[in-house]
């Protein structure tokens with residue numbers, strides 16, 4: 001049976017209605033989900049296709065006050081709603097919003113997407129700010145405790161922000177703040193006349209952050225600040241300051257040099273070997289809504305829109321099944337079987353059977369952090385081996401309470417015949433996030449399994465939750481009980497050849513977090529935290545006696561593999577005496593190369609003996625927050 005949704009309860013409806021009443025908004029004329037209320041759309045929004053009551057469409061004819069009131073009502077609801085089931089998409093039609101005298105300044109909370117509806121970022125101009133600040137927690141180790149460490153699950157894309165330097169206090173006047181951590185992407189954003197700050201240095205200390213991802217964007221000065229790791233891909237910057245551990249750049253004009261790594265800790269690839277930008281909604285000159293599916297780029301430098309519109313193909317909205325969370329999974333599966341694409345409007349979908357992609361060039365695009373939750377041990381998303389050119393984008397896939405073999409499975413050809421080499425990925429994943437635990441108990445043997453060749457992962461966070469609101473056994477430590485109830489054995493398993501990743505984050509799984517056995521793997525930025533919650537060393541020891549599993553394992557049979565910029569972090573809070581033998585484990589072959597990798601003890605408990613295999617210095621309580629780096633493995 002599908003579980004009850006908090007968004008459908010009278011309490012959630014009352015809280016939503018209260019938030020809207022504060023700013024004097026009336027209920028939406030679009031029929032809301034049972035028990036829900038939403039900000040009223042404008043006349044312009046009413047003319048848009050029916051994307052549900054969690055999509056707001058703004059028009060340049062609206063006043064700054066109107067837009068700000070609706071956006072603020074959503075932010076007030078979502079600013080602390082880390083484990084909620086509310087989802088929102090705020091879309092801006094082409095035009096200019098705000099002025100230097102009256103800037104438009106809005107803030108972005110959990111599970112909120114802000115995006116322009118132009119064909120190019122310059123089609124939507126916001127004079128003002130679209131920002132994320134530190135979140136101040138009442139249960140932190142100090143008071144005030146304001147950090148960005150848990151600022152997950154939100155996005156900003158496809159528009160221009162003219163910062164102006166007006167309308168805020170002196171500390172915030174000259175920068176657009178985007179203080180986020182994992183699963184919070186910036187794409188196709190043009191920041192003008194101001195700084196892009198990836199930390200919030202105006203809130204109370206310490207302002208830590210653990211991101212992140214910037215792609216296909218342009219900015220002047222970027223303040224990285226306290227970001228522990230970050231990937232900037234196919235972008236343009238004038239200056240970049242600061243960096244904690246790994247800061248990685250690929251195909252970015254103005255990227256800093258890596259010559260003195262690790263001081264500062266920059267890793268720079270002049271060009272991106274293969275990339276495909278995320279599909280996006282836009283409104284054509286004739287007013288028709290469509291989805292641009294960008295073309296694949298190889299050996300690329302800079303943005304896809306520097307010389308005009310992003311190359312690609314436009315799909316009419318009529319080619320999509322526009323899904324809503326109240327539709328059963330069988331309806332979505334039938335739409336795919338009919339040859340339709342899927343547009344998932346904001347919300348949480350119960351998926352009790354696999355959504356199977358069989359057709360070439362199928363697009364599954366989520367709006368507003370649309371979330372698919374496994375029911376009864378289902379694998380929510382399966383891409384069959386015969387499908388080519390598939391794109392999965394903007395979706396979160398959650399484990400349910402029944403054990404799923406996988407959450408997303410990209411199948412390989414039976415018998416694994418050789419796939420002809422191609423510059424077009426067989427499947428591309430843009431902003432695809434997988435969770436085991438967090439809002440509820442979750443169980444999955446392997447979160448993401450890739451048996452297909454030539455897959456491109458472009459920003460993925462594969463997360464077994466280190467915290468959440470799950471119900472645990474009375475009288476048992478939450479962490480200890482989480483180890484027994486939130487089952488996530490492996491995060492990512494790759495058996496396909498020529499699989500590439502730009503921005504890969506895999507954390508907290510109970511054995512190897514990533515296992516890569518396909519040939520010619522190519523990864524640009526990898527970030528991992530080992531699980532916080534093993535109850536004892538016995539729970540974190542392999543059957544052969546090896547102490548612990550790795551954050552990144554390349555199989556012994558692999559002959560060719562490359563990783564640029566990788567980190568494995570340890571924080572064993574249940575048992576500080578736990579030891580892990582190595583952060584990375586790879587075969588010793590000339591064709592298997594790791595460039596700029598590290599291990600680090602985060603805050604005291606736990607030990608990693610070596611960075612790669614038996615090479616690299618130990619990190620433990622005595623080296624707290626000081627990484628052990630290897631410039632290259634093997635060294636020569």
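Among residues of the range 277-288 that are without any contact (Cβ under 8 Å) to a residue 40 or more places away in the chain, those with a beta-carbon under 8 Å from a residue that is surrounded by fewer than 23 Cβ atoms within 10 Å (Cβ to Cβ) at least six positions away or on a different chain give the pairs 288/316; 288/317. Within the range 323-339, residues that are over 17 Å from residue 376 (Cα atoms) sit with their Cβ atoms under 9 Å from residues that are part of a helix (DSSP H, G or I), at 6+ positions apart or across chains, in these pairs: 323/331; 323/332; 323/335; 325/7; 339/319. On the stretch given as the range 201-227, residues that are more than 19 Å from residue 431 (Cα to Cα), outside any strand (DSSP E or B) and at pLDDT below 95 total 11.
Those residues that are touching a strand residue (DSSP E or B) at 6+ places or on another chain (Cβ under 9 Å) and closer than 19 Å to residue 407 by Cα, I need them from the range 344-361; list them, please.
Our first condition is that a residue be touching a strand residue (DSSP E or B) at 6+ places or on another chain (Cβ under 9 Å); within the range 344-361, this holds for 344-352, 354-361.
Residues satisfying the conditions are 344, 347, 348, 349, 350, 351, 352, 354, 355, 356, 357, 358.
Considering every residue within the range 431-442, establish whether at least one is crowded, with 24+ Cβ neighbours inside 10 Å, over 28 Å from residue 277 (Cα atoms) and in contact (Cβ under 8 Å) with a residue 24 or more places away in the chain. Yes, some residue in the range 431-442 is crowded, with 24+ Cβ neighbours inside 10 Å, over 28 Å from residue 277 (Cα atoms) and in contact (Cβ under 8 Å) with a residue 24 or more places away in the chain. Considering the range 247-264, and only residues there that are in contact (Cβ under 8 Å) with a residue 24 or more places away in the chain and surrounded by fewer than 22 Cβ atoms within 10 Å (Cβ to Cβ), the residue that is nearest to residue 428 (Cα to Cα) turns out to be 253. Answer yes or no: is there a residue in the range 140-159 that is assigned by TED's automatic domain parsing to the domain that holds residue 112, free of Cβ contacts under 8 Å to residues at least 60 places away in the same chain and in contact with a helix residue (DSSP H, G or I) (Cβ under 8 Å, 6 or more places away or on another chain). No, every residue in the range 140-159 fails to be assigned by TED's automatic domain parsing to the domain that holds residue 112, free of Cβ contacts under 8 Å to residues at least 60 places away in the same chain and in contact with a helix residue (DSSP H, G or I) (Cβ under 8 Å, 6 or more places away or on another chain).
Working carefully through the options 293, 244, find the one that is crowded, with 20+ Cβ neighbours inside 10 Å, at pLDDT below 95 and either touching a helix residue (DSSP H, G or I) at 6+ places or on another chain (Cβ under 9 Å) or not assigned by TED's automatic domain parsing to the domain that holds residue 566 (or both). Spell out the reasoning first.
Values: 293 fails: at pLDDT below 95.
Only one candidate qualifies: 244.
Do we have any residue at all in the range 320-336 that's at pLDDT 95 or above, surrounded by fewer than 22 Cβ atoms within 10 Å (Cβ to Cβ) and at positive phi? Checked the range 320-336: no residue is at pLDDT 95 or above, surrounded by fewer than 22 Cβ atoms within 10 Å (Cβ to Cβ) and at positive phi. Being on the phi > 0 side of the Ramachandran plot, buried (at least 17 other Cβ atoms within 10 Å of the Cβ) and not assigned by TED's automatic domain parsing to the domain that holds residue 430 holds for only one residue in 287, 302, 347, and it is 302.
If you go through the range 596-614 and pick out every residue that is surrounded by 19 or more Cβ atoms within 10 Å (Cβ to Cβ) and closer than 20 Å to residue 636 by Cα, you end up with 6.
At least 3 residues being under 21 Å from the mean Cα position of the chain (by Cα) is the threshold, and among the strands (runs of 3 or more DSSP E) wholly inside the range 291-401 those reaching it are 341-344, 348-351, 363-366, 371-374, 381-383, 390-398. Filtered by the rule that a residue be surrounded by 20 or more Cβ atoms within 10 Å (Cβ to Cβ) and either outside any strand (DSSP E or B) or on the phi > 0 side of the Ramachandran plot (or both), the range 184-200 gives 188, 198, 199, 200. When the range 267-287 is filtered for residues that are farther than 23 Å from residue 190 by Cβ and at pLDDT 95 or above, the ones remaining, listed by number, are 267, 273, 274. Scoring residue 71 on the criteria (1) within 26 Å of residue 308 (Cα to Cα); (2) crowded, with 23+ Cβ neighbours inside 10 Å leaves a single failure, condition (1).
Taken together, the criteria exclude residue 282 from residues that are part of a strand (DSSP E or B), more than 22 Å from the chain's Cα centre (by Cα) and not assigned by TED's automatic domain parsing to the domain that holds residue 87.
One line per residue, one yes/no per condition, for (1) touching a helix residue (DSSP H, G or I) at 6+ places or on another chain (Cβ under 8 Å); (2) surrounded by 24 or more Cβ atoms within 10 Å (Cβ to Cβ); (3) closer than 30 Å to residue 317 by Cα; (4) at pLDDT below 95:
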position	(1), (2), (3), (4)
373	no, yes, yes, no
376	no, no, no, no
381	no, yes, yes, no
415	no, no, no, yes
419	no, no, no, yes
444	no, yes, no, no
447	no, yes, no, no
456	no, no, yes, no
459	no, yes, yes, no
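Checked against (1) over 25 Å from residue 141 (Cα atoms); (2) outside any strand (DSSP E or B); (3) modelled with pLDDT of 95 or more, residue 166 passes all but condition (3). In the range 503-544, the residue that is surrounded by the most Cβ atoms within 10 Å (Cβ to Cβ) out of those that are in a loop (DSSP other than H, G, I, E, B) and touching a helix residue (DSSP H, G or I) at 6+ places or on another chain (Cβ under 8 Å) is 531. Considering the range 133-157, the residues that are in a loop (DSSP other than H, G, I, E, B) and at pLDDT 90 or above include one that is farthest from residue 92 (Cα to Cα), namely 149.
The values are calculated or read from the model by the stated rules, or taken from the named source; none is laboratory data. Note that the structure is a prediction, hence the values are computed from the model and not measured. Positions of Cβ are backbone-derived with ideal geometry, glycine not excepted, and every protein chain shown enters the neighbour counts.
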